[in-house]
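Heads up, the thing below is written out as structure tokens.
The values are calculated or read from the model by the stated rules, or taken from the named source; none is laboratory data. In this text the structure is predicted, and so the values were computed from the model without any measurement. Cβ: placed from backbone, ideal geometry, glycine included. Neighbour counts: every protein chain shown.
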């Protein structure tokens with residue numbers, strides 16, 4: 001009974017937070033509600049017994065990704081009244097684009113069918129959760145059966161990272177840089193004093 | 001009437017009792033923790049004053065021992081001021097969140113063999129997740145205060161905490177590779193023969209320095225830089241809202257020292273498993289080791305000047321990250337080469 005109660009608390013909060021993300025007037029509030037939604041999703045994972053995924057969700061999404069979101073959004077100077085002025089003007093084109101997306105989604109979903117080996121993979125015997133912790137079970141799968149996919153996703157992240165750095169990095173002239181090694185290696189400007197204890201210099 | 005009450009009692013007691021029991025256990029952890037926090041502030045003032053050849057607090061009670069309570073009462077009685085330009089809800093939520101997270105992390109900390117509130121499989125990840133969320137309290141406080149000093153302080157703090165978390169994560173991974181489990185009790189028990197501080201000494205040093213940055217302590221206390229930012233993110237807070245930040249910060253210091261103790265100093269284990277040492281109960285050893293690390297925290301505050309911001313970032317990203325990343329490779333390489341990997345099924 002308690003489990004069901006906890007489930008409804010997490011689920012309802014997650015949905016409510018999700019709605020607040022898109023309806024909150026203040027963008028910072030939106031990000032904070034997004035974080036709340038992530039957190040409740042992690043709670044739902046916990047209830048399913050997927051403790052590793054739950055912790056990963058909190059560490060990666062709440063602890064890192066959302067911090068950057070918040071960082072950026074906090075520094076934006078958004079004037080909501082100005083944004084609302086163009087609302088009617090942009091409404092038709094927004095509706096058209098939204099409509100196209102909806103039709104596409106429906107078309108894709110209607111023609112959706114699973115690859116033949118998926119159903120057998122779902123039915124494949126999973127190790128009983130009381131014998132193997134799910135950290136271990138995930139590791140066994142990712143590093144053996146799905147190792148190429150794992151490496152490929154790592155490569156995608158690497159490319160994204162290099163791309164971000166090349167796009168934003170620029171050489172500036174006339175910037176003073178500190179060479180810590182040189183600074184520590186110099187001898188003339190640092191003097192060691194032996195201070196008698198309880199005395200001061 | 002009495003029968004009905006008794007029947008209700010019998011029906012609900014089995015449901016209510018576990019809740020009551022868990023609340024009792026939580027109080028047994030939290031009340032000593034808060035007292036420890038109070039006396040940590042006292043210890044800090046006394047130790048620093050001794051290092052600076054002053055007397056420190058010595059007026060309230062014998063040796064000034066009641067000073068923390070006097071401070072607490074003072075903070076209670078003051079008025080909580082909310083700035084008119086502040087975002088009220090977020091402004092009030094921030095200190096609560098900081099305090100809540102600082103306490104929630106203690107749920108998985110093992111104080112002795114079997115002495116733990118929640119002995120979960122992914123204890124290390126839980127601690128890491130909770131400590132990573134601490135940044136929100138600071139960001140929210142800085143943004144909602146609607147003050148430039150608070151905002152700048154919170155930005156610095158957020159960047160700093162996110163940076164040092166990365167190298168902390170790698171250090172934790174190299175410990176986990178040696179142990180083969182994410183459970184905190186298992187990590188402590190794996191140090192029965194040798195504390196990890198000996199084979200993984202460089203990792204322990206990096207971890208300890210990273211915890212300094214993670215808790216925004218000296219010499220990395222840039223978010224608070226009194227000279228430039230007039231104490232940073234909590235500048236607009238007063239009375240109890242300030243007290244919650246303060247308590248949370250110091251509880252986090254104790255927590256981080258506890259984490260270092262568990263990962264590297266053998267948790268509740270005595271230094272040698274022979275007669276005079278192993279007679280002392282585990283929790284006492286745990287507390288002693290934490291106190292030792294806390295002393296180092298305070299000592300560093302008295303001894304070192306503050307880092308400059310670019311130096312702080314350089315240390316995190318260009319020094320600690322490569323070293324700890326390399327160490328993960330070296331440690332796991334050594335374990336594989338000498339066939340010392342923890343066996344499967346543990």
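Odds and ends about this structure:
- Subset of the stretch A:39-52 [in contact (Cβ under 8 Å) with a residue 40 or more places away in the chain and crowded, with 19+ Cβ neighbours inside 10 Å]: A:51, A:52
- Some residue of the stretch B:197-210 being within 12 Å of another protein chain (Cβ to nearest Cβ) and either assigned to a helix (DSSP H, G or I) or within 29 Å of residue B:32 (Cα to Cα) (or both): no
- Restricting the stretch B:152-189 to residues that are at the interface with chain A (Cβ under 9 Å from one of its Cβ atoms) and either touching a strand residue (DSSP E or B) at 6+ places or on another chain (Cβ under 7 Å) or free of Cβ contacts under 8 Å to residues at least 60 places away in the same chain (or both), the residue that is farthest from residue A:26 (Cα to Cα): B:169
- Any hit, the stretch B:220-230, residues being crowded, with 23+ Cβ neighbours inside 10 Å, in the same structural domain as residue B:166 (by TED's automatic domain parsing) and not in a helix (DSSP H, G or I): yes
- Note on the stretch B:104-123: among residues that are in a helix (DSSP H, G or I), crowded, with 20+ Cβ neighbours inside 10 Å and modelled with pLDDT of 90 or more, the one that is farthest from the other protein chains (Cβ to nearest Cβ) is B:106.
- Some residue of the stretch A:124-141 being at pLDDT 85 or above and over 29 Å from residue B:119 (Cα atoms): no
- Set A:76, A:88: member being within 30 Å of residue B:311 (Cα to Cα) and modelled with pLDDT under 80: A:76
- Within the stretch B:248-327, helices (runs of 4 or more DSSP H) holding 2 or more residues that are in contact (Cβ under 8 Å) with a residue 40 or more places away in the chain and within 20 Å of residue B:45 (Cα to Cα): B:282-303
- Filter pass, residue B:292 being under 25 Å from the mean Cα position of the chain (by Cα) and either exposed (fewer than 14 other Cβ atoms within 10 Å of the Cβ) or not assigned by TED's automatic domain parsing to the domain that holds residue B:216 (or both): yes
- Residues that are part of a loop (DSSP other than H, G, I, E, B) and either surrounded by 11 or more Cβ atoms within 10 Å (Cβ to Cβ) or touching a residue at least 24 places away in the same chain (Cβ under 8 Å) (or both) within the stretch B:56-65 comprise B:56, B:57, B:58, B:60, B:61, B:65, listed in sequence order.
- Filter result for the condition that a residue is under 30 Å from residue B:114 (Cα atoms), assigned by TED's automatic domain parsing to the domain that holds residue B:131, buried (at least 19 other Cβ atoms within 10 Å of the Cβ) and in contact with a helix residue (DSSP H, G or I) (Cβ under 8 Å, 6 or more places away or on another chain), over B:241, B:261: B:261
- Residue check for residue B:237: more than 17 Å from the chain's Cα centre (by Cα), within 30 Å of residue B:91 (Cβ to Cβ) and assigned to a helix (DSSP H, G or I): no
- In the stretch B:138-151, of all residues being in contact (Cβ under 8 Å) with a residue 60 or more places away in the chain and away from chain A (no Cβ under 11 Å), the one that is surrounded by the most Cβ atoms within 10 Å (Cβ to Cβ) corresponds to B:141.
- Taken over the stretch A:1-16, residues that are surrounded by 14 or more Cβ atoms within 10 Å (Cβ to Cβ) and either within 14 Å of chain B (Cβ to nearest Cβ) or touching a residue at least 60 places away in the same chain (Cβ under 8 Å) (or both) amount to 1.
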